[in-house]
Amino acid sequence: MRSLGLSFFQDSPMEEKLRYACDSTSAASEGYGSRMLLGAKDDVVLDWRDYFDHHTFPPSRRNPSHWPIHPSDYRQVVGEYGDEMKKLAQMLLGLISESLGLPCSSIEEAVGEIYQNITVTYYPPCPQPELTLGLQSHSDFGAITLLIQDDVEGLQLYKDAQWLTVPPISDAILILIADQTEIITNGRYKSAQHRAVTNANRARLSVATFHDPSKTARIAPVSQLSPPSYKEVVYGQYVSSWYSKGPEGKRNLDALLY
Ligand SMILES: O=C(O)CCC(=O)C(=O)O
Ligand SMILES: [Fe+2]
(Lines give C-alpha, C1' and ligand atoms only; values in the text may rest on other atoms or scores of the structure.)
(Ligands and ions follow the chains in the order given, each with its own letter.)
Protein backbone atom coordinates (compact mmCIF):
# COMPACT_ATOMS: atom_id res chain seq x y z
CA MET A 1 0.00 0.00 0.00
CA ARG A 2 2.82 2.40 0.93
CA SER A 3 4.81 1.69 -2.22
CA LEU A 4 1.74 2.28 -4.39
CA GLY A 5 1.13 5.60 -2.67
CA LEU A 6 4.76 6.60 -3.05
CA SER A 7 4.71 5.67 -6.71
CA PHE A 8 1.64 7.84 -7.31
CA PHE A 9 3.13 10.89 -5.59
CA GLN A 10 6.72 10.54 -6.80
CA ASP A 11 6.43 9.00 -10.26
CA SER A 12 3.16 10.32 -11.73
CA PRO A 13 3.43 13.52 -13.73
CA MET A 14 1.30 16.39 -12.39
CA GLU A 15 -1.00 16.05 -15.39
CA GLU A 16 -1.77 12.45 -14.36
CA LYS A 17 -2.35 13.47 -10.71
CA LEU A 18 -4.75 16.19 -11.74
CA ARG A 19 -6.91 13.66 -13.60
CA TYR A 20 -7.87 12.46 -10.13
CA ALA A 21 -8.24 15.89 -8.53
CA CYS A 22 -10.82 15.94 -5.76
CA ASP A 23 -13.53 18.57 -5.45
CA SER A 24 -11.76 21.02 -3.17
CA THR A 25 -15.02 22.80 -2.32
CA SER A 26 -16.51 19.80 -0.53
CA ALA A 27 -15.09 18.17 2.60
CA ALA A 28 -13.30 14.81 2.30
CA SER A 29 -14.18 14.38 -1.36
CA GLU A 30 -12.48 11.50 -3.12
CA GLY A 31 -9.25 11.90 -5.08
CA TYR A 32 -6.02 13.86 -5.19
CA GLY A 33 -5.64 17.12 -3.32
CA SER A 34 -3.08 19.47 -1.95
CA ARG A 35 -3.41 21.44 1.23
CA MET A 36 -0.58 23.89 0.91
CA LEU A 37 -3.05 26.49 2.04
CA LEU A 38 -2.35 30.07 2.90
CA GLY A 39 -3.70 31.18 6.24
CA ALA A 40 -5.41 34.41 7.18
CA LYS A 41 -2.13 36.27 7.32
CA ASP A 42 -1.22 35.38 3.78
CA ASP A 43 2.33 34.32 4.57
CA VAL A 44 1.23 31.44 6.83
CA VAL A 45 1.00 28.01 5.24
CA LEU A 46 -1.36 25.81 7.24
CA ASP A 47 -0.74 22.24 6.04
CA TRP A 48 2.25 21.12 3.98
CA ARG A 49 0.85 17.97 2.39
CA ASP A 50 -0.48 16.26 -0.70
CA TYR A 51 -3.03 13.49 -0.30
CA PHE A 52 -5.22 11.00 -2.08
CA ASP A 53 -8.51 10.02 -0.46
CA HIS A 54 -10.24 6.73 -1.39
CA HIS A 55 -13.81 5.91 -0.42
CA THR A 56 -13.86 2.18 0.35
CA PHE A 57 -16.93 1.34 2.51
CA PRO A 58 -19.84 0.80 2.40
CA PRO A 59 -19.55 -1.06 -0.92
CA SER A 60 -21.94 1.43 -2.57
CA ARG A 61 -19.28 4.16 -2.17
CA ARG A 62 -16.48 2.06 -3.63
CA ASN A 63 -15.69 3.01 -7.19
CA PRO A 64 -12.15 1.93 -8.16
CA SER A 65 -12.38 3.85 -11.42
CA HIS A 66 -11.80 6.95 -9.27
CA TRP A 67 -8.41 5.60 -8.15
CA PRO A 68 -5.04 5.68 -9.94
CA ILE A 69 -4.52 3.11 -12.67
CA HIS A 70 -0.72 2.92 -12.25
CA PRO A 71 0.89 0.75 -10.97
CA SER A 72 -1.36 -1.91 -12.49
CA ASP A 73 -2.28 -3.51 -9.14
CA TYR A 74 -3.14 -0.19 -7.45
CA ARG A 75 -6.92 -0.63 -7.43
CA GLN A 76 -6.84 -4.25 -6.34
CA VAL A 77 -4.44 -3.57 -3.47
CA VAL A 78 -6.49 -0.61 -2.17
CA GLY A 79 -9.62 -2.78 -2.20
CA GLU A 80 -7.96 -5.64 -0.33
CA TYR A 81 -6.25 -3.29 2.11
CA GLY A 82 -9.61 -1.66 2.92
CA ASP A 83 -11.23 -5.06 3.50
CA GLU A 84 -8.50 -6.17 5.93
CA MET A 85 -8.40 -2.85 7.81
CA LYS A 86 -12.17 -2.95 8.28
CA LYS A 87 -11.97 -6.41 9.87
CA LEU A 88 -9.20 -5.21 12.18
CA ALA A 89 -11.17 -2.07 13.13
CA GLN A 90 -14.26 -4.17 13.95
CA MET A 91 -12.18 -6.52 16.07
CA LEU A 92 -10.64 -3.60 17.96
CA LEU A 93 -14.03 -1.94 18.59
CA GLY A 94 -15.20 -5.30 19.98
CA LEU A 95 -12.19 -5.56 22.30
CA ILE A 96 -12.64 -1.97 23.48
CA SER A 97 -16.30 -2.71 24.26
CA GLU A 98 -15.38 -5.83 26.22
CA SER A 99 -12.64 -3.99 28.12
CA LEU A 100 -15.42 -1.77 29.53
CA GLY A 101 -17.61 -4.72 30.52
CA LEU A 102 -19.95 -4.11 27.56
CA PRO A 103 -21.15 -6.70 25.04
CA CYS A 104 -18.62 -7.08 22.21
CA SER A 105 -20.97 -5.49 19.66
CA SER A 106 -21.84 -2.34 21.70
CA ILE A 107 -19.57 0.24 20.07
CA GLU A 108 -20.10 -1.08 16.58
CA GLU A 109 -23.88 -0.96 17.08
CA ALA A 110 -23.59 2.63 18.29
CA VAL A 111 -21.50 3.53 15.23
CA GLY A 112 -23.87 1.75 12.80
CA GLU A 113 -22.77 1.01 9.25
CA ILE A 114 -19.05 1.71 8.91
CA TYR A 115 -17.91 4.35 6.43
CA GLN A 116 -14.26 3.78 5.56
CA ASN A 117 -11.91 6.23 3.84
CA ILE A 118 -8.25 5.54 3.10
CA THR A 119 -6.10 8.66 2.91
CA VAL A 120 -2.54 8.42 1.64
CA THR A 121 -0.63 11.53 2.67
CA TYR A 122 2.65 12.63 1.14
CA TYR A 123 4.64 15.32 2.94
CA PRO A 124 7.29 16.71 0.57
CA PRO A 125 10.52 17.99 2.12
CA CYS A 126 9.82 21.48 3.39
CA PRO A 127 12.56 24.10 2.96
CA GLN A 128 11.62 25.90 6.18
CA PRO A 129 9.99 23.29 8.44
CA GLU A 130 9.99 25.64 11.43
CA LEU A 131 7.42 27.83 9.67
CA THR A 132 4.70 25.24 9.13
CA LEU A 133 3.21 21.89 10.08
CA GLY A 134 2.56 18.97 7.75
CA LEU A 135 -0.84 18.61 9.37
CA GLN A 136 -2.18 20.80 12.14
CA SER A 137 -3.11 19.57 15.62
CA HIS A 138 -6.37 17.57 15.61
CA SER A 139 -8.10 14.42 16.72
CA ASP A 140 -9.75 12.32 14.02
CA PHE A 141 -13.51 12.89 14.00
CA GLY A 142 -14.72 9.33 13.27
CA ALA A 143 -14.59 6.21 15.43
CA ILE A 144 -11.18 4.57 14.91
CA THR A 145 -8.20 5.19 12.62
CA LEU A 146 -5.54 2.67 11.65
CA LEU A 147 -2.34 4.34 10.50
CA ILE A 148 0.80 3.08 8.86
CA GLN A 149 3.84 5.25 8.20
CA ASP A 150 7.25 4.86 6.61
CA ASP A 151 10.58 5.17 8.44
CA VAL A 152 10.61 8.99 8.49
CA GLU A 153 9.76 10.76 11.76
CA GLY A 154 6.92 13.27 11.67
CA LEU A 155 3.88 12.11 13.62
CA GLN A 156 3.53 13.58 17.10
CA LEU A 157 1.03 12.88 19.89
CA TYR A 158 -0.03 15.38 22.54
CA LYS A 159 0.26 13.79 25.96
CA ASP A 160 0.75 15.29 29.43
CA ALA A 161 0.90 18.80 27.96
CA GLN A 162 3.72 18.03 25.56
CA TRP A 163 4.25 16.82 22.00
CA LEU A 164 5.85 13.37 21.80
CA THR A 165 7.31 12.04 18.55
CA VAL A 166 5.92 8.63 17.59
CA PRO A 167 8.79 6.33 16.59
CA PRO A 168 8.32 5.56 12.89
CA ILE A 169 8.10 1.76 13.02
CA SER A 170 7.42 0.96 9.39
CA ASP A 171 5.80 -2.46 9.94
CA ALA A 172 3.50 -1.38 12.80
CA ILE A 173 -0.17 -0.42 12.55
CA LEU A 174 -0.86 2.50 14.85
CA ILE A 175 -4.32 2.65 16.42
CA LEU A 176 -5.75 6.13 16.92
CA ILE A 177 -8.97 6.37 18.92
CA ALA A 178 -11.17 9.01 17.29
CA ASP A 179 -13.83 11.37 18.67
CA GLN A 180 -16.98 9.23 18.24
CA THR A 181 -15.41 6.41 20.29
CA GLU A 182 -14.64 8.92 23.03
CA ILE A 183 -18.32 9.98 23.02
CA ILE A 184 -19.72 6.42 22.86
CA THR A 185 -17.46 5.22 25.70
CA ASN A 186 -18.40 8.37 27.66
CA GLY A 187 -14.76 9.43 27.85
CA ARG A 188 -13.39 6.08 29.13
CA TYR A 189 -11.32 6.05 25.93
CA LYS A 190 -9.96 9.43 24.82
CA SER A 191 -9.38 10.39 21.22
CA ALA A 192 -5.73 10.95 20.39
CA GLN A 193 -4.64 14.52 19.68
CA HIS A 194 -1.94 14.42 17.02
CA ARG A 195 -0.19 16.41 14.32
CA ALA A 196 2.49 15.90 11.69
CA VAL A 197 5.64 17.98 11.44
CA THR A 198 7.71 18.39 8.29
CA ASN A 199 11.43 18.17 7.74
CA ALA A 200 13.81 19.79 5.27
CA ASN A 201 15.46 16.65 3.92
CA ARG A 202 13.17 13.67 3.45
CA ALA A 203 9.66 13.22 2.12
CA ARG A 204 7.32 11.26 4.40
CA LEU A 205 4.36 9.03 3.58
CA SER A 206 1.51 7.82 5.79
CA VAL A 207 -1.67 5.87 5.10
CA ALA A 208 -4.60 6.57 7.44
CA THR A 209 -7.66 4.31 7.27
CA PHE A 210 -10.61 6.04 8.91
CA HIS A 211 -13.70 4.19 10.18
CA ASP A 212 -16.63 6.52 10.70
CA PRO A 213 -20.40 6.45 11.30
CA SER A 214 -22.84 7.46 8.60
CA LYS A 215 -23.64 11.17 8.38
CA THR A 216 -27.15 10.55 9.74
CA ALA A 217 -26.07 8.49 12.77
CA ARG A 218 -26.93 9.92 16.19
CA ILE A 219 -23.95 9.41 18.48
CA ALA A 220 -24.25 9.43 22.26
CA PRO A 221 -22.62 7.69 25.24
CA VAL A 222 -23.89 4.11 25.73
CA SER A 223 -26.50 3.93 28.47
CA GLN A 224 -24.47 1.46 30.58
CA LEU A 225 -21.80 4.13 31.14
CA SER A 226 -24.17 6.88 32.33
CA PRO A 227 -24.53 9.59 33.48
CA PRO A 228 -23.52 10.94 30.07
CA SER A 229 -20.69 13.47 30.00
CA TYR A 230 -21.24 14.31 26.30
CA LYS A 231 -24.31 15.63 24.49
CA GLU A 232 -25.80 13.56 21.68
CA VAL A 233 -24.74 14.71 18.21
CA VAL A 234 -25.74 13.92 14.64
CA TYR A 235 -22.45 12.78 13.13
CA GLY A 236 -22.86 14.77 9.90
CA GLN A 237 -23.32 17.97 11.90
CA TYR A 238 -20.22 17.19 13.92
CA VAL A 239 -18.18 16.80 10.74
CA SER A 240 -19.55 20.00 9.14
CA SER A 241 -18.73 21.99 12.21
CA TRP A 242 -15.23 20.42 12.36
CA TYR A 243 -14.56 21.52 8.79
CA SER A 244 -16.06 24.99 9.12
CA LYS A 245 -14.36 25.90 12.41
CA GLY A 246 -11.16 23.88 11.91
CA PRO A 247 -9.84 21.35 14.39
CA GLU A 248 -7.58 23.33 16.77
CA GLY A 249 -6.79 20.31 18.88
CA LYS A 250 -9.97 18.80 20.35
CA ARG A 251 -12.18 21.88 20.61
CA ASN A 252 -15.07 20.37 18.61
CA LEU A 253 -15.30 17.44 21.00
CA ASP A 254 -14.87 19.64 24.07
CA ALA A 255 -17.88 21.67 22.88
CA LEU A 256 -20.10 18.60 23.47
CA LEU A 257 -19.11 18.19 27.13
CA TYR A 258 -21.83 18.87 29.70
O1 LIG B 1 0.63 11.55 8.58
C2 LIG B 1 0.35 11.15 9.69
O3 LIG B 1 1.10 10.44 10.36
C4 LIG B 1 -0.97 11.55 10.31
C5 LIG B 1 -2.12 11.66 9.34
C6 LIG B 1 -3.39 12.07 10.04
O7 LIG B 1 -3.39 12.32 11.20
C8 LIG B 1 -4.66 12.20 9.31
O9 LIG B 1 -4.68 12.06 8.07
O10 LIG B 1 -5.69 12.42 9.99
FE1 LIG C 1 -5.38 12.35 12.02
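The values are calculated or read from the model by the stated rules, or taken from the named source; none is laboratory data. Just so you know, these numbers come straight off a predicted model, no measurement behind them. Note: ideal-geometry Cβ built from the backbone for every residue, glycine included; neighbour counts use all protein chains shown. Accessible surface areas use protein heavy atoms only, side chains included; no ligands, DNA or RNA. Shrake-Rupley method; radii C 1.70, N 1.55, O 1.52, S 1.80 Å.
With charges only on Cβ, +1 for K and R and -1 for D and E, what is the dipole size of the chain about its Cα centre, in debye, rounded to 20? Let's see the in-between values first.
Working: 23 positive and 31 negative charges, 89 e Å.
Taking the Cα centre of the chain as origin, the dipole is about 420 debye.
Given the options Y115, S97, L146, identify the residue whose Cα lies farthest towards the positive end of the charge dipole of the stretch 83-205 (+1 on Cβ of Lys, Arg; -1 on Cβ of Asp, Glu).
Of the candidates, L146 comes out farthest on the positive side.
Can you send over the carbon and sulfur percentage of the accessible area for the stretch 87-207, probe radius 1.4 Å, protein chains only? Display every interim value, and only then the final one.
Working: 2730 of 5060 Å².
Carbon and sulfur together cover 54 percent of it.
With every protein chain left in place, what is the accessible area per residue of the stretch 1-138 in square angstrom, probe 1.4 Å? Provide the component values of the computation, followed by the final result.
Values: 6970 Å² over 138 residues.
On a per-residue basis, the stretch 1-138 sits at 51 Å².
Would you compute, from DSSP H runs of 4+ residues alone, the mean residue ellipticity of the chain at 222 nm, taking -39500 (n - 2.57) per run and dividing by the full residue count, rounded to the nearest 500? Mind dumping the intermediate values first?
Values: 7 runs with 68 residues, N = 258.
Per the formula, -7500 deg cm²/dmol.
Can you give the % of DSSP beta bridges in the chain that are antiparallel, to the nearest 5? Spell out each step's value before the answer.
Details: 43 of 46 bridges.
Of all bridge pairs located within the chain, approximately 95 percent are antiparallel.
With the Cα gyration tensor of the stretch 111-258 in hand, convert its eigenvalues to equivalent ellipsoid semi-axes via √(5λ) and list them largest first in whole Å.
That gives 29, 15, 14 Å for the three semi-axes.
Please compare each pair in K215/K245; K86/K245; K17/K87; K159/K250; K159/K190 to a cut-off of 20 Å on the Cα-Cα distance and tell me which ones are over it.
K86/K245; K17/K87
Considering all projection directions equally, how large on average is the shadow of the alpha-carbon convex hull of the chain, in square nanometres? Write down the numbers at each step before the final one.
Numbers: hull surface 55.7 nm².
For the Cα atoms of the chain, the hull's average projected area reads 13.9 nm².
Just going by the charge dipole of the chain, with Lys and Arg at +1 and Asp and Glu at -1 on Cβ, which of C22, S137, V233 is farthest out on the positive end?
The one lying farthest along the dipole's positive direction is V233.
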